[in-house]
Amino acid sequence: MKRLFLIDGHALIFRSYYAFIRRPMINSKGVDTSILFGFTKSLLELIIKEKPTHLGVAFDPPAKTFRHELFDSYKANRSETPELIKEALLPLSGILESISVPVLMKEGYEADDVIGTIAKKAGSEDFKVYMVTPDKDYGQLVSENIFQYKPGRNGGERDIIGPDQIRQIYGIKDPASVVDILTIWGDASDNVPGIRGVGEVGSKKLIQKYGSVENIYKHLDELPEKLRSAFLEGEEQVSLSRKLVTIETDVSIAFNPDDFRLETPNFERLKELFNSYEFTSLNRTIPQLRELFSVSVEESVSKPADNRDEESGKSDILSWILSEREEIIMEIKAKKEVALVKQKDSLIFSVSGMVYPCKQREFELFREILQDPDITKYGTDIKSIIETLERSGTGVRGYLADAELMHYILMPERAHKTEILVLTYLGVNLLGENQVVQKELFDITPEPSGQEDNVPFREAVVMIPLCNILLKELDTSSQRELYDKMEMPLIYILASMEITGIKIDVGMLHEYAGKLTQELSDIENRIRDIASDTQINISSPKQIGELLYEKLSLTPKGKKSSGKKFSTDEETLSEISHLHPVVPLILEFRNVKKLLSTYLEPLPGMVSPRTGKIHTTYNQALTSTGRLSSVKPNLQNIPIRTERGKEIRRAFIPSDPQGAILSADYSQIELRLMAHMSGDRDFIAAFREGKDIHAATAARIFGVPEESVTREQRNRAKVANFGIIYGISSFGLSQRLRISREESRKLIKDYFSSYPGVQDYIDRTIEFARKNGYVSTLYGRKRFIPDISSKNQNVRGMAERNAVNAPIQGSAADIIKAAMIAVKQRSGREGIRSEMVLQVHDELLFDVVPGESGILSRIVREEMEGVIQLSVPLTVECNIGANWLEAH
C-alpha cells in the first residue's frame with residue numbers, strides 16, 4: 001500500500017531549536033545552523049528508516065488564522081517566535097526542494113488543518129497516512145487508514161498511534177471524541193479556555209461516561225456541585241473552545257498524489273547545501289539515500305520498516321546483574337558510592353552494574369551504608385528518598401549527587417527528567433524494548449518481568465556515570481561550589497522541613513469558612529437585589545456579562561472578547577468598578593469564593609491524620625531564577641494583601657500549645673541588591689543611613705525635602721523602585737500609577753538622573769548578556785538569555801528585562817537558601833530544638849518550643865543578616881506570635 005507521511009513542520013523546527021539551545025551549532029561563518037541541521041537530520045532519518053512512498057511538510061502561515069478571528073486572544077500566552085526560527089524557514093525550503101519534498105501552507109489556516117485535510121483525502125484513496133507530530137490534538141483525526149507518528153527523541157523509538165491506541169489512551173469508543181475531551185480540557189499554551197478546574201484526567205472521565213460535551217450539559221444535575229458550577233461558568237466558552245480545538249478537514253487545498261510522490265533527490269544540489277552549511281555528518285547520509293533510490297520506493301516498502309539494524313541494536317542494550325545483598329554491600333563499601341532509585345515500596349541499590357531491590361523491611365540492613373558519610377549517594381529527587389528512609393527510621397548522611405538538581409544548575413530552563421538526561425548524556429534509552437537482564441544470581445529477587453518494571457533498574461545502573469558527567473560539567477561551568485555548598489546541603493534541610501510539617505488549627509479554618517460562607521451569601525443577595533434578579537448565577541460570566549453590559553449598559557474601554565461581547569475578567573471589572581455599585585460587589589464575591597475554594601475548604605483535608613500537620617513539598621529544581629516553589633499544597637501563596645486573606649494565616653500555629661511562631665523576613669532585599677550591584681553612591685547611602693528608601697527616592701525625583709514627601713509621591717517612587725528591577729516600561733508605569741505616558745516617561749527619566757548607577761548597571765548587564773549569552777547571581781548561578789540579540793523588538797525587550805532582573809531575583813533566592821543552611825547549622829551547634837518549618841520567598845518561619853524564643857530570634861537574625869557582606873546592610877524583621885498572622 002502507498003504510504004504518505006505528512007510532517008508538522010513547525011513542531012519539528014521547535015524540537016530542533018530546543019534540542020540545540022544548550023549547545024548551538026555555529027559554523028565557521030558565525031551562522032547558527034542548529035535548526036537547519038536538526039530538522040534535516042530528522043527528515044533524512046525518517047526517509048531512510050520508514051521509506052515513505054509519498055511525503056509532504058506543512059508549515060503555519062506567518063499571518064493570523066481563522067482561529068484568531070474567532071478569538072483574538074488565541075495563542076496570546078505564547079511568547080514571540082524566536083528570530084532563529086523565523087530565519088530558518090527560507091533555507092529549509094531550499095533543502096526540502098532538493099529532496100523533492102513539497103511544502104504545504106494555506107493562508108488563514110494552521111498546518112494542523114492542512115494536514116488534516118490532506119490526510120482525510122488520502123486516507124480515502126488507498127493510502128496509509130502518517131501524521132508526523134507530537135501534538136495531542138491530532139488524535140481526533142486518527143482512523144483505520146490515518147495514524148499519528150510520534151518521532152522518538154535522540155534516535156529513540158517512534159510511536160505509531162492508531163484507533164486502538166487512541167481508544168486505550170482516552171478510554172473512548174471513537175477517536176473523534178478527542179475533540180470533546182480537548183474542548184473541556186482546554187489548552188493553556190494556546191489560551192483555549194476549556195472548563196476551569198477540569199484537567200486531562202477529569203475530561204477523559206467525563207467523556208468516557210457521557211460521550212460528549214452536549215450530553216454532559218444534559219446531565220448537569222448528576223455532577224458534584226463544584227464541577228456543575230464550573231460547567232455553568234464555562235457554558236459561554238464551550239462552543240468557542242470546540243471550534244478552536246477542532247482540526248479543519250475541508251480546507252480548499254487539492255490533493256494530487258503525484259505532487260507528494262517521493263522522487264530521487266537532487267544529490268548534487270543537496271551536497272552543495274550540506275557543504276555550504278558545513279553539515280559534514282549529513283554528507284554521510286547521501287550514499288544511504290542513493291542506495292535507497294536505486295530501486296523503486298514501492299519495492300523498498302514491501303517489507304515492514306525496521307527502525308534498528310543489528311549493529312545499532314547492540315549499542316542500545318543495557319544489562320545489569322541482580323546481586324545478593326552481602327555481595328553488593330561489600331562492593332559499595334569498596335567503591336565508596338551507591339546509586340539509589342525508588343520503585344514503589346522498594347529502594348533499588350546499585351553499584352558497578354549490580355542492582356539489589358530492597359524492601360522497606362530490609363532498610364535497616366543497609367543502615368551502615370546509608371549513614372556512612374564517606375559513601376557518596378547518587379540519584380535523582382534524592383530528597384524524597386531521604387524522606388522515605390527517615391520515616392522508616394533509617395537516616396542518610398554523606399555527599400548527595402542529585403542528577404536532576406545538578407542539571408537544573410547547569411540548564412535551569414530545560415527539562416530535568418531522568419530519561420531525557422540519560423538519553424542526552426549517555427545515549428541510553430531507558431524506555432527501549434531490547435535492554436535485557438544479563439544474569440540472575442538468586443531467587444529472592446526475581447528478574448523484573450515487564451518493561452515498565454525494568455526502567456528503575458536501568459535507571460539505577462546508569463545513575464553513577466550520569467551524575468559523574470554532570471559533576472564534571474559543574475566544574476567546567478564554575479558552578480560546582482554552588483551545588484556543593486548551597487543546593488546539596490539544602491536537600492537535607494528541605495527534607496527535614498517536609499517531614500516536620502506545620503501545625504494547622506482545623507477548627508479555626510472550619511469556623512472561618514462558615515463565616516465567609518455567610519458573607520458570600522450576603523454579598524450574593526445584595527447583588528441580586530441591585531440586579532433585580534433573584535435567579536442570576538453570579539458565578540456565570542455569561543450571566544454577569546448580560547447584567548453589566550446589556551441590562552446596566554456599562555461600557556469598558558476597548559475590552560472586547562470573541563463574539564463582540566465585553567469581558568468579565570477581573571482586570572476589566574476593576575476598570576469599570578467606579579461605574580456602578582454592583583461591580584465592586586461582584587469582585588468581592590469572587591474574592592471571597594476564591595478564599596473558600598482555594599484555601600479554607602481544601603486545607604483541612606490536607607492535614608495528616610497521623611501528625612495533625614500539613615506537609616508541603618518543595619521543588620528545588622523548577623524556577624529559572626533559583627527560587628524554591630511549594631506544592632501539595634502551595635504554602636508560599638497564602639494570602640497577605642487582603643484583610644480576609646490574612647486571617648487564614650491565623651490557622652498556622654505552633655506544635656506545642658505553649659510554644660510560638662517566629663517569622664524572620666528580609667527587608668527590601670531586592671532593592672538592597674540593586675543598590676549593591678549598581679554601585680550607585682546615593683542609593684547605597686540611603687540604605688546605610690537607614691532611610692525610608694521610597695521616601696528618599698521620592699525626595700530626589702521630585703526635588704523636595706524627605707520630610708515634605710507626600711503619600712502620593714512616595715507611592716510613585718515605590719512603584720518606580722520595584723518597577724525598574726522588573727524592567728517596567730513607561731506604558732506599564734503609566735498603567736500602574738494611572739498617570740499619562742508623558743508623566744511616566746518623565747518619572748523614569750528623573751529616576752535614572754537621580755540614580756545614574758542604576759542605569760549603568762542595566763546597560764552593563766544587558767551588554768554582558770549579549771556578549772556571553774547568560775547572566776549570573778552573586779553566587780555564580782547562571783541564567784541563559786538566548787533571545788538577547790533577537791531582531792524582534794518584543795522578544796529582545798523581554799530578554800533584556802530578564803537579563804536585568806535575573807541576577808537580582810536570583811541573588812535574593814540564593815541568599816535566603818544560604819541563610820537557611822547557616823541557621824540550621826548554628827541551631828544544631830547550639831542544641832536548639834525549635835524547627836524551621838516554612839520558607840516563603842524572603843521569609844523563614846519557625847515552630848518555636850517553649851523557652852527558645854529569645855535565643856532563636858538572636859541566632860536567626862545574626863545568621864540571616866551576616867550570611868553575605870554587601871555594600872549595604874541586610875536587615876531582618878523578626879517577630880513572634882501565637883500564630884503566623886501575629887508573627888508576620
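The values are calculated or read from the model by the stated rules, or taken from the named source; none is laboratory data. A quick note: this is a predicted structure, and the numbers were derived from the prediction, not measured. Please note: Cβ atoms are built from the backbone with ideal geometry, for glycine as well, and neighbour counts cover all protein chains shown. Heavy atoms of the whole protein, side chains included, go into the accessibility calculation; ligands, DNA and RNA do not. Shrake-Rupley method; radii C 1.70, N 1.55, O 1.52, S 1.80 Å.
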Give, to the nearest whole percent, the P(r) tail of the range 627-671 beyond 12 angstrom, counting all Cα pairs. 75
The range 319-362 -> Rg/Rh from Cα coords, Kirkwood Rh, value 0.94
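Measure up Lys771/Lys817; Lys749/Lys791; Lys173/Lys205; Lys749/Lys782 against 21 Å on the Cα-Cα distance and list the ones that go over.
As for pairs spanning more than 21 Å Cα to Cα, those are Lys771/Lys817; Lys749/Lys791; Lys749/Lys782.
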So for the range 573-719, Kirkwood radius off the Cα pairs, Stokes-Einstein at 4 °C and 1.567 mPa s: how many µm² s⁻¹? 66
Ignoring any ligand, DNA or RNA, what whole percent of the accessible area of the range 1-99 comes from carbon and sulfur when the probe is 1.4 angstrom? 55
Selection of trypsin sites (Lys or Arg not before Pro), the range 586-653, meeting DSSP coil and at most 14 other Cβ within 10 Å: Arg610, Arg641
Of all the accessible heavy-atom surface of the range 803-888, with the other protein chains kept in place and a 1.4 Å probe, what percent is carbon and sulfur? 47
Rounded to the nearest whole Å³, what is the per residue volume of the convex hull around the Cα atoms of the range 467-533? 196
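Of all DSSP beta bridges in the chain, what percent run antiparallel (nearest 5)?
Roughly 60 percent of the DSSP beta bridges within the chain come out antiparallel.
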Kindly provide log₁₀ I(q)/I(0) values, in the same order as q = 0.14 Å⁻¹, from the Debye equation applied to equal alpha-carbon scatterers of the range 1-127. -0.70
From DSSP H assignment alone, runs of 4+ in the chain each adding -39500 (n - 2.57), the sum over residues rounded to the nearest 500 puts [θ] at 222 nm at -14500 deg cm²/dmol
List, largest first, the extents of the alpha carbons of the range 677-783 along their principal axes, each in whole Å. 44, 33, 19
What's the Cα-based Rg to Rh of the range 56-208, Rh via Kirkwood? 0.97
Quantify, in whole percent, the carbon and sulfur part of the accessible surface of the range 162-248 (1.4 Å probe; protein heavy atoms only). 49
So, taking all protein chains as they sit and a 1.4 Å probe, how much accessible area belongs to Phe267, in Å² rounded to tens? 20
Within the range 776-857, DSSP-loop trypsin sites (Lys or Arg not before Pro) with at most 14 other C-beta atoms within 10 Å are Lys791, Arg833
Write down the Å³ per residue value for the convex hull defined by the alpha carbon atoms of the range 340-388. 84
Semi-axes (Å, rounded, descending) of the ellipsoid equivalent to the range 500-640 per its C-alpha gyration tensor are 36, 21, 10
Do any GluC sites (Glu not before Pro) in the range 98-134 lie in a DSSP loop with no more than 16 other beta carbon atoms within 10 Å, and if so, which? Glu107, Glu125
Looking only at aspartates and glutamates whose Cα falls under 17 Å of Lys218's and that sit 8 or more positions away or on another chain, we get Asp180, Glu233, Glu235, Glu236
Computed over the range 566-655, the Cα gyration tensor eigenvalues, each multiplied by 5 and square-rooted, give semi-axes in Å (largest first) of 31, 18, 11
Please work out whether the range 134-211 counts as rounded, prolate or oblate from its C-alpha gyration tensor, where a ≥ b ≥ c are the square roots of the eigenvalues and a/c under 1.5 means rounded, while otherwise a/b larger than b/c means prolate and anything else oblate? oblate
Over the chain, what is the relative contact order in whole percent, taking alpha-carbon pairs under 8 Å and six or more residues apart? 10
Per 10 Å bin, what is the whole-percent P(r) computed from every C-alpha pair distance within the range 728-864? 11, 26, 24, 19, 15, 4, 0
Treating cross-link reach as a plain straight distance, find the lysines whose alpha-carbon is under 17 Å from the alpha-carbon of Lys51, omitting any fewer than eight places away in the same chain. Lys2, Lys41, Lys128, Lys150, Lys303
Averaged across orientations, what area in nm² does the convex hull of the alpha carbons in the chain project? 41.3
Going Cα to Cα from Lys594, which lysines come in below 22 Å? Please leave out same-chain ones fewer than 8 positions away. Lys226, Lys515, Lys542, Lys632, Lys646
Using every Cα-Cα pair within the range 1-73, state what percent have a distance larger than 15 Å. 66
Å² per residue, accessible surface of the chain at 1.4 Å: 46
